[in-house]
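Q: Structure in structure tokens, see below.
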Amino acid sequence: MSVEALSAFIAEYIAGRRQTKLEAFDKEAAKRSDTDSATLAAERRELEHRYEPKAWLTDAAKRAGQINLVTHAAKFTHGDSKSSSIYSEAVAQEGYLSTAALSGLEPDAVGNAAALDVAKLLQTRVDGGDSLLASLKRGDHAALSAFADDENQLREWIAGFSRALTPGEPASHKLAKQGYFPVGEGYHLLSPLFATSLVHAMHQKMIAFRFGDEVKAIWKARREKTWHPTPLTLFPGAAEVHFGGTKPQNISYLNSVRGGRTLLLSCQPPQWKRAEKPPTALRSLFSSGSQFDRRAKGTVQLLASLLAKTGDYNNFRIRDAREGYINALIDLLFDVAAQFQQEVWQNWTQKCPELENHQKLWLDPWRTKTDEAFRLERDNEDWQTRVATDFAVWLNVRLHKQVKELGKVEQHEWETRERFRTNLREMEKILQGALK
């Protein structure tokens with residue numbers, strides 16, 4: 001980074017501050033109709049003088065002592081905490097995600113919120129490279145010397161800005177988190193601090209992964225189901241906490257940059273699932289208390305209530321509602337059946353002596369890879385009609401408690417439904433493709 005670029009940034013930064021103040025002054029002056037123009041002009045000239053680069057840098061160097069550059073801040077624990085914050089640039093590769101693992105960390109600034117403009121001047125990286133703070137820390141004062149009248153003024157500025165890097169005596173406070181840790185015959189007072197530089201680095205990375213320009217292209221590819229060379233990174237279970245309320249600058253400079261927002265990653269332990277075993281005790285997919293029977297209970301009750309309240313099955317609204325409930329039961333049946341048709345459970349029906357053979361043929365398609373007789377019997381497809389009959393008988397039995405007049409006519413209606421044949425045909429097509 002060239003000295004000229006950093007000097008140009010300093011000049012632009014001060015000019016921007018001056019313009020903001022002058023616009024605010026002009027707006028306020030328009031309301032002061034009782035003040036003569038000469039007075040207003042004098043006040044404006046005085047304001048302009050304060051924002052001349054030399055004058056502003058002198059004032060900023062004096063105010064720099066009102067802030068401290070830190071990596072771990074105390075005010076995130078409590079906004080009124082007077083506990084010490086610390087600045088640490090320790091670098092270590094310990095295998096843990098901590099501030100010490102960051103390279104080129106960005107320090108935060110705490111203290112008088114009115115002096116945070118000084119923190120922004122010190123910390124802003126020009127074109128993503130050097131900052132005034134970095135140049136001062138390595139003893140390079142060339143960017144500031146371009147504005148100084150002499151060496152004395154330059155030394156005054158350097159001394160003033162350096163005070164932001166000078167920590168005071170460490171002290172805790174009643175509003176800080178504290179814990180006494182036993183050491184020998186006594187205790188150490190431990191006061192955990194908020195790792196503000198680490199949090200800010202994580203925040204920037206998460207925002208880039210969620211809203212960066214490249215991410216938009218990745219999401220577009222996902223919506224259109226096309227290929228993209230970069231994987232999509234997601235943060236499931238992430239949360240957000242806010243610090244400082246409507247005045248995030250009262251907590252710290254970086255907190256203000258984030259608008260008070262801090263993103264949190266989920267630290268929940270993994271939810272272990274019990275390894276599922278083949279249902280070797282299954283007697284029928286339609287037996288009372290089976291998985292399908294339990295999951296279908298609510299829909300069956302709705303269908304039974306509908307049919308019990310009216311005998312006019314030809315009413316189009318009742319007919320449409322009935323069709324919807326029955327189709328939902330058929331879809332649920334095939335959803336449950338698909339869970340039994342797992343490749344990892346191949347041949348599981350050989351250990352089910354009570355399961356009807358036609359249901360074995362339906363629910364264990366992978367057995368055809370090793371059992372030739374089973375494959376030939378399954379290819380015959382007679383089992384499909386018997387499965388449809390099982391469904392129709394099951395539905396009649398479940399509805400009979402509330403709708404007594406159901407019989408062979410309704411059973412034939414259930415077992416010959418187009419939705420059942422379509423689902424069965426599509427499932428078999430998918431299976432045949434997988435079995436090849």
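The values are calculated or read from the model by the stated rules, or taken from the named source; none is laboratory data. Just so it is clear, the model here is predicted, and its values are computed rather than measured. All Cβ positions, even for glycine, are placed from backbone atoms using ideal geometry, and neighbour counts span all protein chains on display.
Q: Does Thr58 satisfy the criteria of being farther than 23 Å from Phe147 by Cα and among the polar types (S, T, N, Q)? Steps first, answer last, please.
A: Working: farther than 23 Å from Phe147 by Cα: no; among the polar types (S, T, N, Q): yes.
Taking the combined requirement at face value, the residue does not satisfy it.
Q: While we're here: Can you report the number of residues in the stretch 170-185 which are closer than 19 Å to Thr71 by Cα and more than 39 Å from the chain's Cα centre (by Cα)?
A: Going through the stretch 170-185 one residue at a time, the tally reaches 0.
Q: Hey, does the stretch 179-188 have a residue that's of a type in the set (Val, Ile, Thr) and surrounded by 15 or more Cβ atoms within 10 Å (Cβ to Cβ)?
A: No, the stretch 179-188 contains no residue that is of a type in the set (Val, Ile, Thr) and surrounded by 15 or more Cβ atoms within 10 Å (Cβ to Cβ).
Q: Only one of these is over 19 Å from Lys401 (Cα atoms) and either crowded, with 17+ Cβ neighbours inside 10 Å or at pLDDT 90 or above (or both): Leu285, Leu307. Name it.
A: Unique residue meeting the criteria: Leu285.
Q: Quick one: Asp371 ticks every box in (1) closer than 18 Å to Ala337 by Cβ; (2) in contact (Cβ under 8 Å) with a residue 24 or more places away in the chain; (3) among the acidic types (Asp, Glu) bar one, so which box is it?
A: Failed condition: (1).
Q: Would you check which residues across the stretch 204-239 are over 24 Å from Ser266 (Cα atoms) and either in contact with a Gly (Cβ under 7 Å, 6 or more places away or on another chain) or of a type in the set (A, V, I, L, M) (or both) and list them?
A: Listed by number, the residues that qualify are Ala217, Ala221.
Q: Given the criteria hydroxyl-bearing (Ser, Thr, Tyr), more than 28 Å from Arg18 (Cα to Cα), in contact (Cβ under 8 Å) with a residue 40 or more places away in the chain and surrounded by 15 or more Cβ atoms within 10 Å (Cβ to Cβ), does Thr58 qualify?
A: The answer is no for Thr58.
Q: A further question follows. Residues Leu57, Leu69: which one is out of contact with any Cys (no Cβ under 9 Å at 6 or more places or on another chain), within 19 Å of Ala201 (Cβ to Cβ) and not in a loop (DSSP other than H, G, I, E, B)?
A: On the way: Leu57 fails: within 19 Å of Ala201 (Cβ to Cβ).
When all the criteria are applied, what remains is Leu69.
Q: I'd like to verify a number: residues in the stretch 321-353 that are surrounded by fewer than 16 Cβ atoms within 10 Å (Cβ to Cβ) and farther than 19 Å from Ala296 by Cα, how many?
A: 7
Q: Which condition number does Asp364 fail, the rest of (1) touching a Phe, Trp or Tyr at 6+ places or on another chain (Cβ under 9 Å); (2) farther than 20 Å from Thr422 by Cα; (3) acidic (Asp, Glu) being met?
A: Condition not satisfied by Asp364: (2).
Q: Additional query: Quick one: would you say Thr230 is more than 30 Å from Tyr87 (Cβ to Cβ) and touching a residue at least 12 places away in the same chain (Cβ under 8 Å)? Quick ask: steps written out before the conclusion?
A: Details: more than 30 Å from Tyr87 (Cβ to Cβ): yes; touching a residue at least 12 places away in the same chain (Cβ under 8 Å): yes.
For Thr230, the condition - more than 30 Å from Tyr87 (Cβ to Cβ) and touching a residue at least 12 places away in the same chain (Cβ under 8 Å) - is met.
Q: Another question, if that's okay. In the stretch 231-288, which residues are among the aliphatic types (A, V, I, L, M) and more than 16 Å from the chain's Cα centre (by Cα)?
A: Ile251, Leu254, Val257, Ala275, Ala281, Leu282, Leu285
Q: Of all the helices (runs of 4 or more DSSP H) wholly in the stretch 324-436, which have at least 1 residues that are over 23 Å from Pro279 (Cβ atoms) and at pLDDT below 90?
A: Details: elements: 357-363, 372-379, 382-399, 408-415, 418-435.
Counting at least 1 such residues, we get 372-379, 382-399, 408-415, 418-435.
Q: Let me confirm something: among Asp140, Asp130, which residue is buried (at least 18 other Cβ atoms within 10 Å of the Cβ) and assigned to a loop (DSSP other than H, G, I, E, B)? Talk me through it step by step, then tell me what you get.
A: Numbers: Asp140 fails: buried (at least 18 other Cβ atoms within 10 Å of the Cβ).
After applying the criteria, what remains is Asp130.
Q: Could you grab me the full set of residues in the stretch 142-166 that are more than 17 Å from Arg63 (Cα to Cα) and either under 42 Å from the mean Cα position of the chain (by Cα) or among the hydroxyl-bearing types (Ser, Thr, Tyr) (or both)?
A: Looking only at the stretch 142-166, we keep the residues that are more than 17 Å from Arg63 (Cα to Cα), and these are 142-143, 145-152.
Residues satisfying the conditions are Ala143, Ser145.
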